[in-house]
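Novice: For reference, the structure I am asking about is given below.
The values are calculated or read from the model by the stated rules, or taken from the named source; none is laboratory data. Just so you know, these numbers come straight off a predicted model, no measurement behind them. When we count neighbours, we look across all protein chains shown, and the Cβ atoms used for this are built from the backbone with ideal geometry, even at glycine.
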């Protein structure tokens, strides 16, 4: 059981790869793997932020709404170029993070309630900002972010790799990272140790929102259109699943970055396997639910052991 | 209906014989006997951790005893779950009223037992009438149709009480019932208790307030370290003696015996490191002033609820005060800010080490460097080398026993966890060290080590304030003892006055006249 | 970009964002604001056979629209072009006809809200109702209130499971099965009846999805039995799902040469996926879809998309014309199916302004 808890997600990935190599046509190809990596980027980036939030014993349901808001903001500023548009999109996303963080850290609203409110309100704001319009994005720089590669690595995947490295560094090697898991381990003890708990929580939710905004930018770039009505819908659930499958306990106090990457990859492979083998929608929903249940069950076992 | 006068004294309503309860190696109740007669009001006394709440949970079916038996009305019985105890007429009233806030008073009283009309629906007219009749019996006047949450807390408690006795209660257990009540509400409660007793209902009353105990109870059972150490009538037992029994110290012992690892307690004549003036917070502490000098260990004496922990919290910035201020080295410390207190050099080892002290999921290293982390980092990045330099020094100096500094702190023994906490604070170069129950839950050997360490730190010039519920630890470890009672400073014992005799008498606020040797 | 203009640009963007987040309105700098218009093609009646309904049958009084309060109950959130165009068309036509007062509500995709919306409009004095039902069933509580007061109800775009001329006066809408059939016709004509097809389905359990699939599959079986449908997967009517699902399908089934999407959004997602796969949409892999949104029709005109069957959302003129003749005492058909247009490479360029 302990072995399964530690390596379950990797074993599952290997099993899925083996299954697909045997039964799914054209699976073992560079192009296919590139597609899988490109497609998992938005979930992975949102999951990185989610892992930080879950590390503080919180949860963030507003990731999809932040993606939508970022998508809605891009067309407004793309005339100035990709960098200013992206900066504005991230800035707008951060405002959602500020709202989340303020409610959770300073007013004491439960994370699930606060971020649920922003999940609903955020998408509404996105639609207002976009004037309820879907807009094509034609700026070549942003399109190239979504479509082009450098030495065979798509830019979007490169962005994700950099963010994974940054978050890993943040968690393992910075004061903030250590303080974050301390707050997640015992908020009361962290307060009594003089840690700026409120500031840490605030920063964490802002970081999560900023990451979700980046996910929104990358997704928009790939799509070539700003679609605030549907972009990132329910992505937070995939992100939570990826984090939990990756070994970060929902009870906080621990952040597994590499595990989160593996969790996101596993979800991506599951989705790809189901689509490529033409499994009807209803069955694939059931399959995904079963996998989530198994992951949570294994996590529960881990808690009981400790 | 049974009346107290019509019942022979030996007829018991609830009895526990030889009850033992263990949790993971700790014996919470050790062969405890407990007897309750109809119409009796019994005080259940004991310091924190004496086993009171465990005993209550055994009596109400929350826990099953590992040994011993319960007798209900003379016959042996077992309560497999709380509902069994309730059905047998044992009700519990907690400090927090656990009824349904949005339902009316009447609905709460008869929840699950509502009178029905011929359609099987709730007959609200009858319901309200029944509720009014019941409350009238106890002289409680309240609109029974009001939602419960609109009532004052005291009145809510009366409703809970009415509900309890309306379910044919034979025993009502009250756990700190007055802790959040106003004086007037307390009077109502006592009157109701009187009426209940007249009906033959027995009361188990748990409280730390001596005045209340002596007013409403006629007998007492004292628990200490999981054992029942005394049972008898309160009238025969002066307050001082009751406290001595609770604390386990004979009033006869006035001489210092070195039971602890504390050496000669020292005092100091240097300028005070910390000066606190008139610290006040509503319902908790009022007008507390104290001075602590470098190299001095000052004991903060007082019974539970005297405000001793609250005083430490006020000093450490954990609790905001309404009035008063704290100065360190002449500088004012910001009120209610832990980080300001730490910057000023005031650090605290909290009483509940597991919940408020250590971060269980982190390593020893991470726990030690937690507070000092910003200082040990370069540009926000942690430096393992700098951390190790500090961690190694303290692990050696404090003799923290672990496989390595990477071991999870939750895997350590209580004593070593406490040393990790001390190391965390020493890494901050503090000037004032506040210790709340520094040796609680630590085995004897480690306890001596921690006590010796406290001495050593004082020798190095730290100003130390210590709260302990162990009288000998306070007396032997402190050069001065500031005694608190009901949230204010009762007296201060200095030098030769620091004896258990003086301390006990100060704790209860009356001179000691009884010199009987206790068992 | 040199430093100064960049700083200026940043400053103004920050200022814009402040305004934007405060007022929650677009500070549109460069994105073209395309206000929804109803300037496209009016709906044309295709068939209005079957039983009719006259004021005398339904009961109620004659009145002039110019003196009347009319209520419009929109079903879904206006976050897609179809709903936006539909509401705009109703509003425009009411303004054009000089209706005394038009009350517009949006049920935000919640059935209970639509029921209370309709009841509210009646209590606000609505004398006639135009309802875009959220669901085929479940509106009875609202309709019965209208029935009691003899308020005529015209339903549009989704057929109710209820009795015409009794629970409501008439239904105006497209035939979704027919749309699927016509998409099949377009596809067969465009491909010459050869190739392998992947279908992007709408949301599972949606009647539109079922109808557009049935019409398509039946017609393919009848007219081009040799063409193989190699995959059908849901993409929830959304563009990003359309893209990612298509990517997966193209990799697993490189033989795919045609994609049929249940709406334009998924078709456009598929187009992005085809481009990402290094192929030319419209040539290497053809795309057909249903809706007639401007984005898709423009792609048809540009040659990067192959055909769009229209689902005309501009119910305003037809709905009010029907209402008017009904109120004047004429018998109207209980089921009026509209003629949907279609866009193909031959006509897309000239008809692009008709798209919504």
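Novice: Wholly within the range B:191-265, which strands (runs of 3 or more DSSP E) include no fewer than the required count, namely at least 3 residues that are modelled with pLDDT of 90 or more and closer than 24 Å to residue B:486 by Cα?
Specialist: Because the criterion is at least 3 residues that are modelled with pLDDT of 90 or more and closer than 24 Å to residue B:486 by Cα, the strands (runs of 3 or more DSSP E) in the range B:191-265 that meet it are B:219-224.
Novice: Anything in the range A:148-176 that is at the interface with another protein chain (Cβ under 8 Å from one of its Cβ atoms) and either in contact (Cβ under 8 Å) with a residue 12 or more places away in the chain or touching a helix residue (DSSP H, G or I) at 6+ places or on another chain (Cβ under 6 Å) (or both)? List them, or say none.
Specialist: Of everything in the range A:148-176, those that are at the interface with another protein chain (Cβ under 8 Å from one of its Cβ atoms) and either in contact (Cβ under 8 Å) with a residue 12 or more places away in the chain or touching a helix residue (DSSP H, G or I) at 6+ places or on another chain (Cβ under 6 Å) (or both) turn out to be A:175, A:176.
Novice: Further, regarding this structure: Assess whether residue A:273 counts as being over 30 Å from residue A:72 (Cα atoms), within 11 Å of chain C (Cβ to nearest Cβ) and assigned to a helix (DSSP H, G or I).
Specialist: yes
Novice: Looking at residue C:229 and the list (1) crowded, with 19+ Cβ neighbours inside 10 Å; (2) in contact with a strand residue (DSSP E or B) (Cβ under 6 Å, 6 or more places away or on another chain), which single condition is not satisfied?
Specialist: With (1) crowded, with 19+ Cβ neighbours inside 10 Å; (2) in contact with a strand residue (DSSP E or B) (Cβ under 6 Å, 6 or more places away or on another chain) applied to residue C:229, the lone miss is (1).
Novice: Within the range A:182-201, is there a residue that is closer than 30 Å to residue A:127 by Cβ and crowded, with 24+ Cβ neighbours inside 10 Å?
Specialist: yes
Novice: Wholly within the range B:280-395, which strands (runs of 3 or more DSSP E) include no fewer than the required count, namely at least 2 residues that are touching a residue at least 60 places away in the same chain (Cβ under 8 Å) and farther than 26 Å from residue B:460 by Cα?
Specialist: Where strands (runs of 3 or more DSSP E) fall fully within the range B:280-395 and carry at least 2 residues being touching a residue at least 60 places away in the same chain (Cβ under 8 Å) and farther than 26 Å from residue B:460 by Cα, they are B:285-292.
Novice: Continuing with this model, one more query. Restricting attention to the range A:74-101, report how many residues are more than 17 Å from residue A:124 (Cα to Cα), crowded, with 24+ Cβ neighbours inside 10 Å and more than 9 Å from every other protein chain (Cβ to nearest Cβ).
Specialist: Within the range A:74-101, residues that are more than 17 Å from residue A:124 (Cα to Cα), crowded, with 24+ Cβ neighbours inside 10 Å and more than 9 Å from every other protein chain (Cβ to nearest Cβ) number 2.
Novice: I need the full set of residues from the range C:141-162 which are farther than 14 Å from residue C:319 by Cα and in contact with a strand residue (DSSP E or B) (Cβ under 9 Å, 6 or more places away or on another chain), in order please.
Specialist: C:142, C:143, C:146, C:147, C:151, C:159, C:160, C:162 - these are the residues of the range C:141-162 that are farther than 14 Å from residue C:319 by Cα and in contact with a strand residue (DSSP E or B) (Cβ under 9 Å, 6 or more places away or on another chain).
Novice: Might you let me know whether the range C:82-95 holds any residue that is in a loop (DSSP other than H, G, I, E, B), modelled with pLDDT of 60 or more and away from chain A (no Cβ under 13 Å)?
Specialist: Looking through the range C:82-95, none of the residues is in a loop (DSSP other than H, G, I, E, B), modelled with pLDDT of 60 or more and away from chain A (no Cβ under 13 Å).
Novice: Pull up the range C:276-290, narrow it to residues that are modelled with pLDDT of 90 or more and within 12 Å of chain A (Cβ to nearest Cβ), then point me to the one that is nearest to residue A:27 (Cα to Cα).
Specialist: At the first step, the residues of the range C:276-290 found to be modelled with pLDDT of 90 or more are C:279-290.
Filter once more, so that each one left must be within 12 Å of chain A (Cβ to nearest Cβ): C:279, C:281.
On the way: C:279: 19, C:281: 23 Å.
Among those residues, the one meeting the criterion is C:279.
Novice: Among the residues of the range A:209-239, how many are at the interface with chain C (Cβ under 7 Å from one of its Cβ atoms) and not in a helix (DSSP H, G or I)?
Specialist: Residues in the range A:209-239 being at the interface with chain C (Cβ under 7 Å from one of its Cβ atoms) and not in a helix (DSSP H, G or I): 6 in total.
Novice: Using the structure shown, decide if residue A:250 is surrounded by 24 or more Cβ atoms within 10 Å (Cβ to Cβ), under 17 Å from the mean Cα position of the chain (by Cα), part of a loop (DSSP other than H, G, I, E, B) and touching a residue at least 12 places away in the same chain (Cβ under 8 Å).
Specialist: Judged against the criteria, residue A:250 is not a match.
Novice: Further, regarding this structure: Looking for whichever is buried (at least 17 other Cβ atoms within 10 Å of the Cβ) and in contact with a helix residue (DSSP H, G or I) (Cβ under 8 Å, 6 or more places away or on another chain) here; the options are C:145, C:99, C:104. Which one fits? Full working, then the answer.
Specialist: Numbers: C:145 fails: buried (at least 17 other Cβ atoms within 10 Å of the Cβ); C:104 fails: buried (at least 17 other Cβ atoms within 10 Å of the Cβ).
That would be C:99, the only listed residue that is buried (at least 17 other Cβ atoms within 10 Å of the Cβ) and in contact with a helix residue (DSSP H, G or I) (Cβ under 8 Å, 6 or more places away or on another chain).
Novice: Here are some residues: C:265, C:247. Which one is under 21 Å from residue C:344 (Cα atoms), within 12 Å of another protein chain (Cβ to nearest Cβ), touching a helix residue (DSSP H, G or I) at 6+ places or on another chain (Cβ under 9 Å) and surrounded by 23 or more Cβ atoms within 10 Å (Cβ to Cβ)?
Specialist: C:265
Novice: What number of residues within the range A:54-65 satisfy the criterion of being more than 13 Å from chain C (Cβ to nearest Cβ) and under 11 Å from the mean Cα position of the chain (by Cα)?
Specialist: So the answer is 4.
Novice: Inside the range C:192-214, can you point out the residues that are more than 14 Å from chain A (Cβ to nearest Cβ), part of a helix (DSSP H, G or I) and surrounded by fewer than 18 Cβ atoms within 10 Å (Cβ to Cβ)?
Specialist: If the condition is that a residue be more than 14 Å from chain A (Cβ to nearest Cβ), part of a helix (DSSP H, G or I) and surrounded by fewer than 18 Cβ atoms within 10 Å (Cβ to Cβ), then C:207, C:214 are the ones that fit.
Novice: Something else: Only one residue in C:236, C:240 is at pLDDT below 90, more than 18 Å from the chain's Cα centre (by Cα) and within 26 Å of residue A:34 (Cα to Cα). Which one?
Specialist: Just one listed residue meets the conditions, C:240.
Novice: Is at least one residue of the range A:192-205 free of Cβ contacts under 8 Å to residues at least 40 places away in the same chain, within 11 Å of another protein chain (Cβ to nearest Cβ) and part of a helix (DSSP H, G or I)?
Specialist: Checked against the condition, which is being free of Cβ contacts under 8 Å to residues at least 40 places away in the same chain, within 11 Å of another protein chain (Cβ to nearest Cβ) and part of a helix (DSSP H, G or I), the range A:192-205 yields at least one hit.
Novice: Can you tell me which condition residue A:249 does not meet? The list is (1) closer than 30 Å to residue B:370 by Cα; (2) at pLDDT 90 or above; (3) at the interface with another protein chain (Cβ under 10 Å from one of its Cβ atoms), and all the others hold.
Specialist: (2)
Novice: Quickly run through the range B:343-355 and pick out the residues that are modelled with pLDDT of 90 or more and under 20 Å from residue B:409 (Cβ atoms).
Specialist: Within the range B:343-355, B:347, B:348, B:349, B:350 qualify.
Novice: Would you mention how many residues in the range A:29-47 are closer than 14 Å to residue A:156 by Cα and at the interface with another protein chain (Cβ under 9 Å from one of its Cβ atoms)?
Specialist: Residues in the range A:29-47 being closer than 14 Å to residue A:156 by Cα and at the interface with another protein chain (Cβ under 9 Å from one of its Cβ atoms): 5 in total.
Novice: Separate question: Is there a residue in the range C:43-62 that is closer than 28 Å to residue A:229 by Cβ and not in a helix (DSSP H, G or I)?
Specialist: Looking for residues that are closer than 28 Å to residue A:229 by Cβ and not in a helix (DSSP H, G or I), one finds at least one in the range C:43-62, hence yes.
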